[in-house]
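Heads up: the structure comes next, in structure tokens.
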Amino acid sequence: MRELHGKTKTFVEVYSVLVIIYHLLYASGLFSWLNLPIGGIHPAISVGLIMAILFLQFPVSKKCRQDHVPWYDWVLAGLCLIPTFYYAANFEHTLYSALTPSTLEICLGVAMILLCFEGVRRAIGPALVACGALFLLYPLFAGGLPGILFAAPVSFPRLIGDIYLGTQGFFAAGAQVFSTTIIVFVIFGQLINVSGGGDFYLNLSLSAMGGRSGGPAKASVIGSGLFGMISGVAVANVVTTGSITIPMMKRKGYAPEFAGAVETVSSTGGSLMPPVMGVLAFIMADYLGIPYWQIASCAIIPAVLYYVAVFLQVSFYSARRGLGGLDKSEVPNLKDTLRAGWPFALPLIAMIVLFAQFGWDAVRVGFAVCLLVAAIYFVNSCVIQKRPVREPAQGVYRAFVGAGRSMAGIMPAACLAGIIMASVNMTAIGLRLSSGILSLSGGSLFVLLVLCALCCILMGVAVDLIVIYIIMAVMITPAMTAMGVAPLAAHLFILYYTVVGLITPPVCVATYAAASIAQSKPFRTGFYAVRLGFVALVIPFVFAYKPELLFQGGTLLDSALATLFTTAAILSICVAFERWFFRFQISWWESGLLAAAGVLMLLDTLPLNAAGLAVFTAYTLVQALSGRLGRKSPPPQTGGAPQRQEGT
């Protein structure tokens with residue numbers, strides 16, 4: 001991304017701020033109140049405005065000058081506005097011309113596709129361009145392909161018309177979600193950042209856990225989790241909180257790879273944890289046609305169990321190696337932290353109340369919490385700290401600039417998703433592939449789920465998370481639901497395995513970000529992250545078989561039993577992984593026994609669940625009666641142990 005200076009920087013920043021203000025005004029409902037119904041054309045306007053920011057901020061190559069916008073990027077930024085504003089100005093006409101576009105509309109559609117591909121190449125990478133080109137060309141040549149890939153060929157004018165003007169193209173559901181829901185929560189995350197909310201959550205976790213055994217790592221889990229659940233952006237979370245927590249962990253004796261892995265999984269979990277689960281959850285709500293809060297409330301137990309597993313493993317790891325807490329001078333005072341930052345808890349409370357009690361949609365909630373954070377920022381700065389108004393005003397300005405940059409980096413993926421959706425709908429390839437995958441699985445749900453998980457992970461090597469989710473949702477979820485998986489469980493399965501790509505080697509961008517801070521080996525850090533975040537790999541299979549874990553089907557008692565067995569299973573597996581049972585080290589055979597008990601409790605058979613729980617309970621009772629739980633074994637390594645002894 002460019003680092004501009006002078007008048008060019010001022011122009012681009014002011015333009016970005018004006019674009020963000022327009023989106024906030026739309027989210028506020030002002031245009032509807034003024035009887036200006038622009039809902040149908042708003043996605044097109046948003047795409048044009050934000051794509052222009054992309055060409056002003058992202059250079060054509062990393063080798064180009066980063067402090068200058070060349071003339072051709074000014075031209076491309078202007079060109080972004082022409083096809084989108086033509087669509088907006090002729091909205092009623094375009095509703096009927098998708099099948100028979102005029103020559104002008106074909107030219108504008110081709111220009112929009114080329115701008116989309118170039119934007120994707122600059123902001124995300126060339127691999128995604130190849131994916132988009134494949135879906136773009138497929139309808140033209142489908143008539144000559146064999147087997148399930150065969151489809152009636154589509155003419156070039158109709159292809160361009162459907163993508164540019166159709167109801168499943170550029171300005172359809174994907175752009176609608178990005179231009180309304182996602183952008184207000186991006187703004188919210190930026191406001192939290194500049195106002196000091198992120199510092200409050202981190203200081204709160206340090207105050208609560210910093211002085212305890214394993215304090216730096218535990219604080220990283222809680223602080224990064226709290227910040228991640230409102231930002232929903234894993235890599236940004238790693239960079240923001242990891243720059244503080246990772247050096248603290250290394251200083252207290254944690255291996256660099258382990259420190260980086262803790263921050264990676266803690267930050268990534270924010271995309272799974274309500275109330276703000278990130279971009280994919282908002283897209284899922286739109287795809288399923290259900291309120292976002294219904295998804296968030298159903299996803300709460302798996303997300304909590306994810307963090308429970310990370311916290312337990314960090315705790316056992318620290319206890320086994322005798323890694324202590326921070327010095328008193330490094331731990332913020334809890335009362336002072338709460339006194340100074342308690343207002344930043346209000347946005348989380350407000351979100352939950354507005355979603356659950358008043359049933360507001362995500363756009364209204366996002367706009368409301370943006371106003372609340374801004375108000376907290378101004379009151380805290382101007383009234384409590386007696387600072388001039390210009391300081392929080394400058395902070396809001398920086399937040400809006402940052403939101404514009406963030407949206408410019410992800411909006412091309414929404415446009416590319418439009419190309420994919422149009423291609424799939426024109427050729428019905430989704431239904432045929434779904435049928436083919438069903439045949440390949442041989443009627444086994446487990447095999448189907450494994451295939452789906454592998455597809456998500458393999459696609460993550462080259463494809464953006466948003467595009468992975470959309471492709472899998474269109475092509476795989478019909479097969480999953482046909483085999484009895486609840487629709488919400490099927491989509492959450494895909495969401496989890498899409499997010500897992502952030503921590504799973506070889507392309508684990510969140511892990512790379514943490515490794516760069518920890519100065520550790522990325523692959524080794526990634527493998528530690530997979531172990532710490534094993535719940536994200538396991539629990540999707542659990543709720544696919546046991547939708548009661550998502551409060552889908554069954555009674556409240558069924559949900560309680562599913563939660564009990566899954567929680568006990570995770571505890572048992574965490575003990576087995578770290579070979580530490582709360583106060584003492586366990587042998588390899590004990591580790592194997594507890595791992596087996598955990599697996600039994602995860603299976604979809606009540607007698608086996610009960611057997612696994614009985615084994616775990618009996619083991620715990622034997623250790624309590626023998627006195628092992630009453631005395632703490634001396635750790636084999638203490639204090640600042642050699643940082644590379646991580647094989648056990």
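The values are calculated or read from the model by the stated rules, or taken from the named source; none is laboratory data. No experiment lies behind these values; they were computed from the predicted model shown. Glycine gets a Cβ as well: all are built from the backbone with ideal geometry, and neighbour counts include every protein chain shown. The accessibility values were calculated without ligands, DNA or RNA, using every heavy atom of the protein model including side chains. Shrake-Rupley method; radii C 1.70, N 1.55, O 1.52, S 1.80 Å.
Structural remarks
- Whenever a residue of segment 387-414 is within 20 Å of residue 377 (Cβ to Cβ), its partners that are open to solvent by 50 Å² or more (accessible area, probe 1.4 Å), lying with C-beta atoms within less than 6 angstrom and at least six residues away or across chains, give the pairs 392/378.
- Taking the criterion of being surrounded by 12 or more Cβ atoms within 10 Å (Cβ to Cβ), hydroxyl-bearing (Ser, Thr, Tyr) and outside any helix (DSSP H, G or I), the only residue of segment 75-121 that qualifies is 102.
- Residues of segment 33-61 that turn out to be aromatic (Phe, Trp, Tyr), open to solvent by 10 Å² or more (accessible area, probe 1.4 Å) and in contact with a helix residue (DSSP H, G or I) (Cβ under 7 Å, 6 or more places away or on another chain), as a count: 1
- Only listed residue being more than 26 Å from residue 288 (Cα to Cα) and either open to solvent by less than 30 Å² (accessible area, probe 1.4 Å) or out of contact with any His (no Cβ under 7 Å at 6 or more places or on another chain) (or both), chosen from 140, 128: 140
- Checked against (1) of a type outside the set (A, V, I, L, M, F, W, C); (2) open to solvent by 40 Å² or more (accessible area, probe 1.4 Å); (3) under 30 Å from residue 547 (Cβ atoms), residue 307 passes all but a single condition, namely (2).
- Scanning segment 470-514 for residues that are under 30 Å from residue 242 (Cα atoms) and either touching a Cys at 6+ places or on another chain (Cβ under 8 Å) or aromatic (Phe, Trp, Tyr) (or both) gives 492, 493, 494, 496, 497, 498, 500, 501, 502, 512.
- Some residue of segment 195-204 being of a type in the set (Asp, Glu), crowded, with 24+ Cβ neighbours inside 10 Å and not in a loop (DSSP other than H, G, I, E, B): no
- Screening 329, 297, 318 for residues that are at pLDDT 90 or above, part of a helix (DSSP H, G or I), polar (S, T, N, Q) and open to solvent by 10 Å² or more (accessible area, probe 1.4 Å) leaves exactly one candidate, 297.
- Answer from 564, 571, 556 - the residue that is surrounded by fewer than 15 Cβ atoms within 10 Å (Cβ to Cβ), of a type outside the set (Gly, Ala, Ser) and within 28 Å of the chain's Cα centre (by Cα): 564
- Of the helices (runs of 4 or more DSSP H) lying entirely inside segment 362-452, none contains at least 1 residues that are of a type outside the set (Asp, Glu), surrounded by 19 or more Cβ atoms within 10 Å (Cβ to Cβ) and in contact with a strand residue (DSSP E or B) (Cβ under 7 Å, 6 or more places away or on another chain).
Here is a yes/no grid of residues against (1) over 17 Å from the mean Cα position of the chain (by Cα); (2) surrounded by fewer than 24 Cβ atoms within 10 Å (Cβ to Cβ); (3) not in a helix (DSSP H, G or I):
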| position | (1), (2), (3) |
| --- | --- |
| 154 | yes, yes, yes |
| 159 | yes, no, no |
| 169 | yes, no, yes |
| 176 | yes, yes, no |
| 187 | no, no, no |
| 191 | yes, no, no |
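- In segment 505-526, residue farthest from residue 285 (Cα to Cα) [restricted to those that are open to solvent by 10 Å² or more (accessible area, probe 1.4 Å) and of a type in the set (Val, Ile, Thr)]: 517
- Residues of segment 227-251 that turn out to be hydrophobic (A, V, I, L, M, F, W, C) and open to solvent by 40 Å² or more (accessible area, probe 1.4 Å), as a count: 5
- Every residue from segment 524-580 that is outside any helix (DSSP H, G or I), at negative phi and free of Cβ contacts under 8 Å to residues at least 24 places away in the same chain: 555
- Set 495, 502: member being under 18 Å from the mean Cα position of the chain (by Cα), buried (at least 19 other Cβ atoms within 10 Å of the Cβ) and not in a loop (DSSP other than H, G, I, E, B): 495
- Top-ranked residue in segment 620-636 [being in contact with a Leu (Cβ under 9 Å, 6 or more places away or on another chain) and modelled with pLDDT of 65 or more; ranked as farthest from residue 597 (Cα to Cα)]: 623
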